[in-house]
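To start, the structure under review is shown below, and the notes come after it.
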Amino acid sequence: MKITLHVTPDITPRPLIAEVILETGALLNIDRADVKPKGGEVVIDVPQDECERVVAAFKKRGATITCLKQPIIKDDDECINCGACISVCPTGVISFRDDWSVQMDVDKCVQCGACVTMCPQAALKVGE
């Protein structure tokens, strides 16, 4: 499961992710990070069976967490299957099926938003 850690200025200088890894023993993978001194966000891939404990450990430290159940949402009525989103996806989330319709493997999504920007039909949006 993927979660977003919302980083605020008061927790930016702390080794928050390392503390949570040491406390929970969970293997976490950082998929995407945009953190500056004033804050930002980190998308973290958490093993499904460890998610509840990891989220609790972050919250105990004052962090705000959002669970990403569906990182990118595709409006099938608007999508024209042009494939523009495929060319910009850095993780190979989006591909064509055998019938040339666009499919998504959202488990790989790092919520970068490149596909959303590229879509000429505005058929994609970043989930919450």
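Filter the stretch 29-57 down to the residues that are without any contact (Cβ under 8 Å) to a residue 60 or more places away in the chain, open to solvent by less than 50 Å² (accessible area, probe 1.4 Å) and out of contact with any helix residue (DSSP H, G or I) (no Cβ under 6 Å at 6 or more places or on another chain) and list them by number.
G39, G40, V42, I44, P47, E50, C51, V55
Please give the number of the condition F58 fails out of (1) farther than 25 Å from L124 by Cβ; (2) of a type in the set (F, W, Y); (3) outside any helix (DSSP H, G or I).
Status for F58: all satisfied but (3).
Please name all residue pairs, on different chains or six or more residues apart, with Cβ atoms under 9 Å, provided the first residue is in the stretch 61-81 and is closer than 28 Å to Q121 by Cβ and among the basic types (K, R) and the second residue is part of a strand (DSSP E or B) and open to solvent by less than 50 Å² (accessible area, probe 1.4 Å).
Qualifying pairs under 9 Å: K69/K2; K74/I94; K74/V102; K74/L124.
Could you tell me whether any residue of the stretch 64-75 is charged (D, E, K, R), over 21 Å from the mean Cα position of the chain (by Cα) and assigned to a loop (DSSP other than H, G, I, E, B)?
No: the stretch 64-75 contains no residue that is charged (D, E, K, R), over 21 Å from the mean Cα position of the chain (by Cα) and assigned to a loop (DSSP other than H, G, I, E, B).
For the condition on the phi < 0 side of the Ramachandran plot and modelled with pLDDT under 90, what is the one hit in V126, V116, V46, V55?
The unique qualifying residue is V126.
Just for the stretch 76-124: of the residues that are more than 15 Å from the chain's Cα centre (by Cα) and polar (S, T, N, Q), which one is most open to solvent (accessible area, probe 1.4 Å)?
Quick first cut of the stretch 76-124, residues more than 15 Å from the chain's Cα centre (by Cα) only: 76-88, 95-103, 117-123.
Now drop any that are not polar (S, T, N, Q), which leaves 81, 87, 95, 101, 103, 117, 121.
On the way: N81: 57, S87: 94, S95: 42, S101: 22, Q103: 68, T117: 120, Q121: 71 Å².
Only one residue tops the list, namely T117.
Looking at (1) open to solvent by 20 Å² or more (accessible area, probe 1.4 Å); (2) in contact with a Phe, Trp or Tyr (Cβ under 8 Å, 6 or more places away or on another chain); (3) farther than 26 Å from M104 by Cα, can you tell me which one A18 breaks?
All conditions are met except number (2).
The values are calculated or read from the model by the stated rules, or taken from the named source; none is laboratory data. Keep in mind that what you see is a predicted model, and the values were worked out from it rather than measured. Don't worry about glycine lacking a Cβ; one is built from the backbone with ideal geometry, like all the others, and counts go over all protein chains shown. In case anyone asks, the SASA skips ligands and DNA or RNA and just uses the protein heavy atoms, side chains included. Shrake-Rupley method; radii C 1.70, N 1.55, O 1.52, S 1.80 Å.
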